[in-house]
1. Confirm whether Ala200 is among the small types (Gly, Ala, Ser), in contact (Cβ under 8 Å) with a residue 12 or more places away in the chain and part of a loop (DSSP other than H, G, I, E, B).
2. Is it fair to say His46 is farther than 16 Å from Val190 by Cα, in a loop (DSSP other than H, G, I, E, B), under 18 Å from the mean Cα position of the chain (by Cα) and not hydroxyl-bearing (Ser, Thr, Tyr)?
3. Let me confirm something: among Asp120, Asp104, which residue is of a type outside the set (Val, Ile, Thr) and under 26 Å from Gly204 (Cα atoms)?
4. Could you figure out which of (1) part of a helix (DSSP H, G or I); (2) in contact (Cβ under 8 Å) with a residue 24 or more places away in the chain; (3) not basic (Lys, Arg) isn't true of Gly91?
5. In segment 99-145, which residues are among the acidic types (Asp, Glu), surrounded by 14 or more Cβ atoms within 10 Å (Cβ to Cβ) and closer than 22 Å to Pro79 by Cα?
6. Does at least one position in segment 318-330 carry a residue that is over 18 Å from the mean Cα position of the chain (by Cα) and surrounded by 20 or more Cβ atoms within 10 Å (Cβ to Cβ)?
7. Of the residues Gly209, Gly216, only one is among the small types (Gly, Ala, Ser), under 22 Å from Asp172 (Cα atoms), surrounded by 23 or more Cβ atoms within 10 Å (Cβ to Cβ) and under 15 Å from the mean Cα position of the chain (by Cα); which?
8. Only one residue in Lys225, Lys221 is basic (Lys, Arg) and surrounded by fewer than 20 Cβ atoms within 10 Å (Cβ to Cβ), so which one is that?
Amino acid sequence: MKFDGSIVPIIDLTKARTGTEEEKQAVAREVGAAARSIGFLVVSGHGVSAEIIERASDTTRRFFDLSLAAKTKYRSPDPEIYRGYFGMETGNLASTIGQEAKPDHREYYNIGRFDLDAEDPYFTSPTAQRIFHDNIWPDADVPEFRHGIVDYYHEMEKLAELLMELCARALDLPADWFADKIDKHITNMVVTNYPDQPEAPEEGQLRAGAHTDYGGLTILKAEDKPGGLEVQTPDGRWEAVPIVPGAFIINLGDLMAQWTNDEWVSTMHRVINPPRDKAVGSRRQSLVFFHQPNYDAIIECIPSCAVKSAPKYGKTTSLEHLEMKMNQMNDTPKFKDMETV
């Protein structure tokens, strides 16, 4: 484990992928230590090819380079269907933790799970019909977008499975303990564009307000540009998360904290604005894989995590928690305006 001057550790996953049982357990212990202390880690040695990462980054950047008129062609016809393009200031992440704040200074594109098994009742149930929708692909303007995202999404699925196995090992559970809770996951991938800020944002407005993530864990590919990701330390300070070339940033979400009775932390984080003297040229883009367990996965305290204190959270499901948070985030004037278009 390396800290590289940051509270967020950098962990090499090579031996977790290719090593012996003992070596996998050693990596899992590093993951567990990060989960207990800060809830964030940076992972190298993940096995995802640079070519796949670069293609996803390049093709999605081409989409955000389009005119606003072109981008809005790919908005969802129903804003309650979380697919396609969402414009500037349509989301407010700080509202998900009960804060009053300005909407986020960002635009984003959402992709849901695809390649569903039409023969599996799980994907055709009334609940499934409510959450699994066709993706919106900008094929007419950026035909490479779909292929780049599909390949990247599949690689993130594999990496998420490895990380959840390491989490199980770190909790002294069977390595496959999470397997039947994520095998039909409902993960959304969000590509976020934080544009240059030639004009100062409104007072109190951030690129992304302070929040915790909703699911099990998040895999983030970010760019090293002014105005980046910060994590809140246990003593309340805000500290920049290191950007390591070729590595991913991982953070735990609310469901992992609830599973572990807060022994592992879902940590507050935000994306700050660039300094005014670096506002032009600060555009940054993030590929964010919000790994969300199966919609009917029961989230309740793992028995071994209730030894030090009684369970703090009531039983919920992956979908119930996600929908509650999404409704809070979308409570913005511009999001509501979409409903009338």
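The values are calculated or read from the model by the stated rules, or taken from the named source; none is laboratory data. Small disclaimer: the values here were computed from a predicted structure and weren't measured. Every residue, glycine among them, receives a Cβ derived from its backbone with ideal geometry; neighbour counts consider all protein chains shown.
1. Considered against the rule, which asks whether it is among the small types (Gly, Ala, Ser), in contact (Cβ under 8 Å) with a residue 12 or more places away in the chain and part of a loop (DSSP other than H, G, I, E, B), Ala200 comes out as yes.
2. Spelling it out, His46 is indeed farther than 16 Å from Val190 by Cα, in a loop (DSSP other than H, G, I, E, B), under 18 Å from the mean Cα position of the chain (by Cα) and not hydroxyl-bearing (Ser, Thr, Tyr).
3. Going through Asp120, Asp104 in turn, the sole match is Asp104.
4. Of (1) part of a helix (DSSP H, G or I); (2) in contact (Cβ under 8 Å) with a residue 24 or more places away in the chain; (3) not basic (Lys, Arg), only one is false for Gly91: (1).
5. Asp104, Glu107, Asp141
6. For segment 318-330, residues over 18 Å from the mean Cα position of the chain (by Cα) and surrounded by 20 or more Cβ atoms within 10 Å (Cβ to Cβ): absent.
7. The unique qualifying residue is Gly216.
8. Lys225
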